[in-house]
Structure formats: structure tokens, C-alpha cells
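Student: Quick one: this structure, given as C-alpha cells, is what I'll be asking you about.
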Amino acid sequence: MLVIEEFKLRSEMATTPVQPTTPSQTNPPAKTRVREPGMGIFYACRCENFFIIDQLYYCQSCQSTTCKFCTTQEIDSYYCPNCLENMPSTEAMMYKNNCKKCFTCPCCFSGLIYQGIPITAEKSDYYFSCGYCHWDSLEMGLKADSPSALAAKAIDIEKEDPSQKELSKLIEKLQKDERERAKERRQMGRLRRSSLLVRTAAPQNLQSVPPKSLDELEKSLQAKESARNKAAVKKKTKPAVFVENLDHLTKDNIDLNEISNLSQRFQNLYSQPITQKKLTPKRVHLLTRRSKHCSKCDKLMIKPDLNPNKIEFKRQHVALMYVPRISISLLPPLPLNVETPVLVKFWNPVHSLMSVTISKFDKYPDASAEIQVLLPSTFISPRDHDDEDDSSEIKSLKAKDDAAVISERKTNWVIIKLPVKPLRIEQIKFVLQIGVKFKSTSGDQDTTFLVNFNLGTPTM
Ligand SMILES: [Zn+2]
Ligand SMILES: [Zn+2]
Ligand SMILES: [Zn+2]
Ligand SMILES: [Zn+2]
């Protein structure tokens, strides 16, 4: 969903009636403004980084917008995107996060199917076949008497790959190092605790405590750590060998259709075969479904359904559902040093009356426009309002509206006039502070966040 849904553009200033553009208009008007790169509306997280609203969550406990960097993630389930089968984490680890029965074509990377050729009345040979590029595994001699045996054979070929063996060794080494580190940490903790206990419980027995035990252990641990790091640096890779004779590349009889391309070689990273005949099928990588928690209060922000066939979420606290959606309703040409009203639309996504306060924020260092905020506070009706625009609530809200500031009001949105005065010939950027109050299932919410506007360059 785009935050700036549509910039209705026009050549005249905002005081004259809007000329709606129709799809049949092929040539844009002379002064039409095109969307420039970087233009948009960006919401701030509590970590003061700006994002589009789709990328933010809303924590009802902290009453603040939360970005992906301010959440912790937890893997709920592993599944194959091809056969949509769930896999327990132990099994996923055993199969190195790949599906145990789905393979991809080494040439075009689409899914392979198990194909059978009857040999006798009871027996069939199975092989992999690509329905898209017609590659099959018979050419490389990969066939078996059952689909499961065929999958096992293909996994065995993968295991023989020297890169896999190298990777397994590396993982083993890292796991061993980590185990050692954990053991040292435990030792250190034990020693600290015992040393503290002895010193606090019986100060007269201080002499009985080994005098430099803590320092010595710390030093020995540091020495071990630096030795480990040095060993890692020392282990150099073999230098590349310079090949002078490149005649084989200039042979006239090379069939380019049989030469593997870079993407195909990256799939077979260790062997990187020159010809397509030597490419081997690869297993489909598993995907994960993850739940996200607020890193400050640990509240659950996102919880997907574990079933890969379902797209619903068990818990979904995205910012789109809680904070007002702000979009530019009308963006007139903005001349330099002239105050021009831009129409900004605020949508209320919640099921209760929402109070919105807009105020200036002068601490933004990149601000290149002066903003006159004329609307200290207003209310927006709830999303699921029974009556339409003629309800008593809307009527009473309309009666209080200042026509010079509020351009239009409907069921759950309001359009305000925001006078913008560009100060420099550069992207028009400014930040507003938005205060929002509403009722949610977790109680009254009162939040404040910054919104960064980028309205493109001023018109000359
Ligand atoms: Zn953040
Ligand atoms: Zn699969
Ligand atoms: Zn293929
Ligand atoms: Zn929180």
C-alpha cells in the first residue's frame, strides 16, 4: 500500500478549482509535476529512524511505533515453499535447511518433477525432469527404482561436494570453539561467585583464597582468545594460479548453448562446471515463519499461523492499523519563498474516535521549508462508523471546523491545509510532530511520533 496514494497535480494554485485528470488525457499539462525520487511521507520509529508506514509496527504497551530494528525475531516454523510441508527445527537442521524431497532444475531453477519410465510390468525407473526447460537427470546418470531412493541418491551427490565437506568442517570447528568459550564463561562465573562469597562471608580468610586466581584466569582466557584469533588470521587461502594459456577460450567450436552461465555456476559454487552437463540438481531452501516481539517490553507484535497454507496472522500489530495514515491529497506547484497550501489527508484506521494533534518540529537538521501549522488539534471519526457523512457526530465535528484550515471532512478522514514555504532550491523536506489519542483493546493510547515529508523540488 502506498502512503502517497496519488498526487493530484494541477497547474494552478490551490485557490482555483481542481481540474481532474482523466485517463484519456495522453499529454500532461504544461506544469505537471512528476513524482521525484525520494518523495514521500516517512514515519519515525522510537529509534528516530524514518520508514514508510508499511514497515512499522505499533506496540500498545510502549505506546510507540516500532521498526524492524527495534523488534526481536523468533523462528516459529520451517516450511518448503514448493511442497508447503512444515518441518520441525531438528529435521530442518539435519537437512541443512533444505527440503528433503524437492529439487530445483540446475539450468532454469524451476521445480523438478519425479518422472517414471516403466522397465518391466512391476518395475520402473525414476528420474528428475524439468517441465520448463526439459532438462532431465538421465544425462548425468541419476535414476533410481523409487522416488525416495532417487531423492536419497541426489542428497548423497550433494554430500560428496567438497564445498559441503569444507562447510561441515568449518561448522564443526565453530561449534567446538563456541563450546569451549561457553565452558570458560561458566568457569569464570563460578570463580567470580565463589571469590565473592569467600570475600564477603569471611574476610579474615582472604589469605586462603588463591591470591591472583581471578586475574590469572582472566589473563589466560584473554591469551587463549587472542591465540584463537591469530590462528584464524594465519590460516591463509591459497593464492590464485596465473594461467597464461587461454587458447581453450578462443576455440571456434564452442557451443555457447552448452556453456553454463554465472547463475548456474553460483548454484554449484565449488565445482563451477563450465558445461551444463556437469550441473547437478539442488534442493529447495526452506523458508521460515517468524514471530516478532517488541525489544523494549517483549510484547508480541507479529505471530503468523504455523500452517504454511494459511496467510492469516494470529497476532498482527502493524502501524497501519493504529496510527493515522497520512497522504498528500493535493500537491500544487511550490514556488520558492512563497507560502502555498498543500492538502494533507489524515485517515483514522481504528474503531474509536481519534484525536490528532499536529505541531511543528524545529530540530530537524535537513529542514528546507518553513511550515505554518494552523491546526493544533482535531478529531477524526472511527473507521466503522454506522452512518455516513450526515451523522450527528460528523455534523457536530464539521460545525467546529475552521474552514480556513480544514478543507474537507468525511466519515473517517479529514483533509487539512498545510501552508508550505520552500526556503532553498533543494528537496522540500520538513518534519511534523503528530500526537494521537484513541481507545484500543489494551486501553487508552496516547502516542507521539515524527513524520517526515519530502515534497520534491520547488518550482521555479
Ligand atoms: Zn526502531
Ligand atoms: Zn518441498
Ligand atoms: Zn529447467
Ligand atoms: Zn513495547
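The values are calculated or read from the model by the stated rules, or taken from the named source; none is laboratory data. Please read these numbers as outputs of a predicted model, since none were measured by experiment. Ideal geometry is used to build each Cβ from the backbone, glycine not excepted, and the neighbour counts take in all protein chains shown.
Student: Can you run down the residue pairs with Cβ atoms below 7 Å, 6 or more apart or on separate chains, where the first is in the range 73-90 and under 11 Å from N307 (Cα atoms) and touching a residue at least 60 places away in the same chain (Cβ under 8 Å) and the partner is within 16 Å of ligand 4 (Cβ to nearest atom) and among the small types (G, A, S)?
Tutor: Qualifying pairs under 7 Å: D76/S291.
Student: Also, quick follow-up: Confirm whether F51 is more than 30 Å from F438 (Cα to Cα) and not small (G, A, S).
Tutor: Answer is no for this residue.
Student: Does the range 84-100 hold any residues that are in a loop (DSSP other than H, G, I, E, B) and under 15 Å from R289 (Cα atoms), and which are they?
Tutor: L84, E85, P88, N97
Student: Within the range 286-339, count every residue that is of a type outside the set (A, V, I, L, M, F, W, C), part of a loop (DSSP other than H, G, I, E, B) and away from ligand 1 (no atom under 16 Å from the Cβ).
Tutor: 11
Student: Another question about this same structure. Of all residues in the range 60-75 being buried (at least 16 other Cβ atoms within 10 Å of the Cβ) and under 20 Å from R289 (Cα atoms), which is nearest to ligand 4 (Cβ to nearest atom)?
Tutor: Ranking the candidates gives T66 first.
Student: Quick one: in the range 131-167, of everything that is charged (D, E, K, R) and in a helix (DSSP H, G or I), which residue is farthest from the chain's Cα centre (by Cα)?
Tutor: Filtering first and then ranking leaves K153.
Student: Here's a follow-up. Just to be sure I understand the filter: pairs with C-beta atoms under 6 Å, separated by 6 or more residues or on different chains, first member in the range 439-451 and of a type in the set (D, E), second member modelled with pLDDT under 95 and surrounded by 14 or more Cβ atoms within 10 Å (Cβ to Cβ). Which pairs pass?
Tutor: That search, which allows pairs on different chains as well, returns D446/K437.
Results for (1) without any contact (Cβ under 8 Å) to a residue 24 or more places away in the chain; (2) within 16 Å of ligand 1 (Cβ to nearest atom); (3) among the polar types (S, T, N, Q), shown as yes or no for each residue.
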position: T104; (1), (2), (3): no, no, yes
position: G131; (1), (2), (3): yes, no, no
position: A144; (1), (2), (3): yes, no, no
position: I155; (1), (2), (3): no, no, no
position: L174; (1), (2), (3): yes, no, no
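Student: Which residues, taken from the range 247-306, are hydrophobic (A, V, I, L, M, F, W, C) and touching a residue at least 24 places away in the same chain (Cβ under 8 Å)?
Tutor: Filtering the range 247-306 for residues hydrophobic (A, V, I, L, M, F, W, C) gives 249, 254, 256, 259, 262, 266, 269, 274, 279, 284, 286-287, 294, 297, 300-302, 306.
Selection gives L269, L279, V284, L286, L287, C294, C297, M301, I302, L306.
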